[in-house]
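Encoded as structure tokens, the structure appears first; notes follow it.
The values are calculated or read from the model by the stated rules, or taken from the named source; none is laboratory data. In this text the structure is predicted, and so the values were computed from the model without any measurement. A quick note on method: Cβ atoms are made from the backbone with ideal geometry, for glycine too, and the neighbour counts reach across all protein chains shown. When the accessible area is computed, the model is the full protein with side chains, heavy atoms only, and any ligands, DNA or RNA have been set aside. Shrake-Rupley method; radii C 1.70, N 1.55, O 1.52, S 1.80 Å.
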Amino acid sequence: MQTHFLKHFMIIGTGTLINMFLGILTTPIITRIVAPIQYGQLSIFITYSNILLMILCLGLDQALVRYYYERNDEGYKRTLLFRCIKLPILISIILSCIIVILSTCNLISFEFNTYYIILLCLYTIIQIIYRFSLLLVRLAYKSKLYSILNIMHKLIYILLALLLILIFFNNNLLSLVIATIMATFFCMLISIVTQKNLWSIVNYKASDCCITFTELFKYAYPYIFTMGITTIFQAIDKISLNMYCSYTEVGIYSSTMTLVNIFAIIQTTFNSLWAPMSIEHYTKNKEDKNFYQKANQLITFVMCFLGISLILCKDIFAILLGEKYREAAYILPFLIFNPMMYTISETTVCGIVFMKKSKIQIVVAAGACMTNIIMNTFLVPRYGCQGAAISTGISYIVFFTLRTIFSNRYFYIDFKLSKFYLLIFSIILYAFYNTFNKFNMGSVIGYLICLMLLFILYNDAAKWGIMYLKNFLYKEE
């Protein structure tokens, strides 16, 4: 199982690595062409679409993941897909029509004009279909296809964005929005075509799937609230900056997130594989908890190492964005807790998923969201982008803690939490220091202390990782 996981991890990781380098090479070009205010407007546009996406999926995307491995035949999986996707698409189309009518008739005032509202609705519908089609790719362990789709998405976005900026040189926001929509649309088509058997409506038979819609929705409906709250939780920093500051601050903050996306090489790769693989492993071997413990220790070591290294290099990365975005260096340290804590929590949330306690996810999301709202309310007016970053970082630690506590109530796994929190506390102190100071000797000393602590506390994880990597490379040869 470990070798199987590592094989797919390396394949997807290679794709995400290419994706990361594309971002590093092209983000500085775009940020030098596009003003922070327009980058901020794009970020708010995408944020609104993501909120709609999470709510309109109705949690049925999570139901697809949970029930996908109940049977192996193609007919079952095809019917399960259509049973999960038809209601989200229908509701999104109806809601889009209502929103466009309200905007056109000026019955409700929206932040964007009617043209952008239409694009927002279109983008949301495309995102819903693409989410389900990409889930099928992940669940079938089509790692190469998943990597290709990610690379294509980035390439299409970059090429279209630069081309459209040249055409609509006086409307960079429109260029970025169209590039975002078209990149997602093309990848959606490719993912559907490559899995056309599962998307074949001609071969659809309701009797092929023994899981009723009622059972699916019973598992899924708590995720409507959970995903809605979680998306607001993830977006509250940008919304707060938009309320208390301006689009410029939102643009600088969002551009910093592109630097944090260096974590994508691990976060995206791991999260794409872990959810389906952990459920499959539990289905086949319910008593093996060692698998989850090792995964937790390994991903903790990797994410914390990357996190403190990224904080150390914050000033170098910020220079890439250009003079207008130089403040990004002081925002970055606490933003690393977003991908770090979320990814690690994916290994500790097993009990909630395995025992189908989806309602608990609402409590987790609500607790983290309230923490974020309260902290943003106090810190953003005073510290601006830095306050939003600190609020986000602390909220993700709360998110991890709640996920882990509730999960262990239903399916206890010893994750060695005392040493984990000792390490996280040291990284918090390091992040605080670098949030309010430029790179200096203190930054280097703090990094070495955190690094030494990491290797002392997680030396076993380092040994396992090296062993698995050697085994993988040996077998490949």
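Observations on the model:
- Along each principal axis, taking the top coordinate minus the bottom one, the Cα set of segment 59-116 gives 50, 16, 15 Å in descending order.
- Rg and Dmax, both from the Cα atoms of segment 92-240 and both in Å, are 18.4, 55.
- Among W199, W464, the sequence by solvent-accessible area, most first, with a 1.4 Å probe is W464, W199.
- A Stokes-Einstein calculation at 25 °C with viscosity 0.890 mPa s, built on the Kirkwood radius of segment 401-459 over Cα pairs, returns a diffusion coefficient of 186 µm²/s.
- Trypsin sites (Lys or Arg not before Pro) lying in DSSP loop within segment 135-214, provided at most 12 other Cβ fall within 10 Å: K196, K205
- Solvent-accessible surface ranking, highest first, for V193, V100, V363 at 1.4 angstrom: V193, V363, V100
- Accessible-area ranking of D208, D414, largest first, probe 1.4 Å: D414, D208
- For the residue pairs K77/K357; K142/K196; K77/K205; K289/K416; K86/K284, the C-alpha atoms sit more than 19 angstrom apart in K77/K357; K86/K284.
- The C-alpha radius of gyration of segment 334-477, expressed as a fraction of 2.2 N^0.38 Å, stands at 1.23.
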